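Trainee: Provided herewith is a single structure, encoded as structure tokens, for subsequent inquiry.
The numbers here are math on the coordinates, done by the rules we state, and not lab data. Only a predicted model underlies this, so the values are computations on that prediction, with no experimental measurement involved. Neighbour counts run over all protein chains shown; Cβ positions are idealised from the backbone, glycine included.
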Amino acid sequence: MAQTKPNLEHPIFQIVKDAFRASRFRATEFRGQSTLIVEPADLHRVMSLLKGDPRCDFNFLSDVIGIDYLNYPAAMPGRFAVVYNLISNSRDDRFFVKTYLDPSLPTDGTVEDPALALDSVTDLWPGAEWTEREVFDMFGIRFRNHPDLRRILTWESFPAHPLRKDYPLRGRGEREHYRIVDRSST
């Protein structure tokens with residue numbers, strides 16, 4: 001079976017490259033889907049261009065996801081990644097933007113790590129509010145200028161971030177000590 005060469009000629013790559021000549025970008029393509037890899041400091045400016053420039057016109061943010069690459073077999077630029085799934089309805093085009101973060105403190109969830117923070121894109125796509133909250137809750141990645149950054153799937157005093165790969169599969173006793181609420185509880 002012949003290998004196909006990645007199509008790194010997606011027009012969005014050139015638009016971003018021309019707009020941010022001093023910034024460093026990487027690009028990948030997998031199964032026809034293009035991904036732009038940006039530095040965390042450039043993320044909000046790049047996302048603003050992708051939404052506001054009529055040549056890009058990514059008017060819909062479909063998803064924001066977190067990834068933990070702890071013990072990943074290949075070397076990665078950072079332990080965590082945040083991926084934005086963008087859609088341009090006018091062109092029927094899907095485009096991914098990814099940024100990597102590396103923790104500067106232990107990831108046991110007891111302290112807030114300033115290295116695990118990105119600028120929120122809720123000012124560009126209001127629908128990012130809940131997906132950014134989910135990434136914060138599950139991975140501990142904070143989003144600066146988020147209008148309501150609090151946990152969404154676990155309770156507010158939950159002591160860790162359960163989708164981090166160093167979090168124990170059986171938890172740290174949260175289930176055993178959690179008060180069960182049923183219909184007769186007051």
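Trainee: List the extent of the Cα atoms of the chain along each of their three principal axes, largest first, rounded to whole Å.
Mentor: Projected onto its principal axes, the Cα set of the chain covers 59, 36, 36 Å.
Trainee: Among Ile15, Ile65, Ile87, which one shows the biggest mean-square fluctuation in a GNM of the chain, springs joining Cα atoms closer than 10 Å?
Mentor: Ile15
Trainee: Quick one: which residues, 5+ away or cross-chain, put their amide H under 5 Å from the amide H of Gly78? H built at 1.01 Å from N.
Mentor: none
Trainee: Run lengths n ≥ 4 of DSSP H only: what is the helix-derived mean residue ellipticity at 222 nm for the chain, with -39500 (n - 2.57) per run over all residues, to the nearest 500?
Mentor: The per-residue figure over the chain is -5000 deg cm²/dmol.
Trainee: Of the DSSP beta bridges with both residues in region 28-186, give the percent that are antiparallel, rounding to the nearest 5.
Mentor: 70 percent
Trainee: Using only the Cα atoms of region 41-135, build the gyration tensor, take square roots of its eigenvalues as a ≥ b ≥ c, and label the shape rounded, prolate or oblate: rounded if a/c is under 1.5, else prolate if a/b is larger than b/c, else oblate.
Mentor: prolate
Trainee: Starting from the Cα of Asp123, move 7 Å in the Cα-to-Cβ direction to define the label point; list residues of region 15-32 whose amide nitrogen is under 19 Å from there.
Mentor: 20, by backbone N distance to the label point.
Trainee: GNM, the chain, Cα, under 10 Å: largest mean-square fluctuation among Arg164, Arg26, Arg151?
Mentor: Arg26
Trainee: Near the amide H of Thr154, under 5 Å away, which other amide H atoms are found, from residues 5 or more places off or on another chain, if H is placed in the peptide plane?
Mentor: Under 5 Å from the amide H of Thr154 lies no amide H from a residue far enough along the sequence or on another chain.
Trainee: Multiply the residue gap between Thr154 and Arg94 by 0.36 nm, knock off their C-alpha separation, and tell me the result in nm, one decimal place.
Mentor: Working it through step by step, the gained length comes to 18.5 nm.
Trainee: Could you work out the local net charge near Ile152, counting Lys and Arg as +1, Asp and Glu as -1, over the other residues with Cβ closer than 15 Å to its Cβ?
Mentor: Taking every Cβ under 15 Å from that of Ile152, the sum is -3.
Trainee: Further, regarding this structure: For Ala41 and Asp166, what is the calculated FRET efficiency with R₀ set at 25 Å and r taken between the beta-carbons, to the nearest 0.05?
Mentor: Efficiency, rounded to the nearest 0.05: 0.45.
Trainee: Provide the gained length on full extension for the span Asp18 to Asn145, in nm with one decimal, where the gain is 0.36 nm per separating residue minus the Cα-Cα distance.
Mentor: Value of the extension gain: 43.0 nm.
Trainee: Whats the longest run of the chain with zero GluC sites (Glu not before Pro) that are DSSP loop and have at most 16 other Cβ atoms within 10 Å?
Mentor: It runs 10-111.
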